[in-house]
1. Any residue in the stretch 28-44 that is touching a residue at least 24 places away in the same chain (Cβ under 8 Å) sitting within a Cβ distance under 7 Å of a residue that is surrounded by 12 or more Cβ atoms within 10 Å (Cβ to Cβ) and among the acidic types (Asp, Glu)? List the pairs, counting only those 6 or more apart or interchain.
2. Among the residues of the stretch 69-101, count how many are of a type in the set (A, V, I, L, M) and within 18 Å of Gln20 (Cα to Cα).
3. Say whether the condition of being assigned to a strand (DSSP E or B) and without any contact (Cβ under 8 Å) to a residue 24 or more places away in the chain is met by at least one residue in the stretch 58-70.
4. If I filter the stretch 48-67 for residues that are touching a helix residue (DSSP H, G or I) at 6+ places or on another chain (Cβ under 8 Å) and farther than 13 Å from Gly6 by Cα, do I get at least one hit?
Amino acid sequence: MSVIKGDNVLIISGKDKGKQGKIIKSIPDKKMVVVEGANIVTRHTKPSAKGRGGIQKIPAPLFVSKVMLICPKCKKPTRVKHKIDSEGNKHRYCSHCNEVFD
């Protein structure tokens, strides 16, 4: 996956198209991410020892193909390119301004 927890992303398709948010959880084995303030669903929970029951609004996961990383330098949504340096470390960088994210 080209996005990780803490990245700012733009949602490019679905009911929340055009919204921006921060990734709060990454699920790599399912290729999904949870974006703060996007894809909000209503969940009905029973009371338990952990907390009160009731109706809660929580963010649900999105497929990673529906989000696009926003470059912190040029502030544009960008595809992520990968580059391997001389020491063999893999880095992500912006396709517009060649800024390294990691």
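Bear in mind these aren't lab numbers, they're just calculated from the coordinates by the rules spelled out. As the structure is a computational prediction, the values presented were derived from the model and not from experiment. For neighbour counting, all protein chains shown are included, and Cβ atoms are generated from backbone atoms with ideal geometry for every residue, glycine included.
1. Correct list of pairs: Ala38/Asp16; Asn39/Asp16.
2. Of the residues in that region, 3 qualify.
3. Taking every residue of the stretch 58-70 in turn, at least one turns out to be assigned to a strand (DSSP E or B) and without any contact (Cβ under 8 Å) to a residue 24 or more places away in the chain.
4. no
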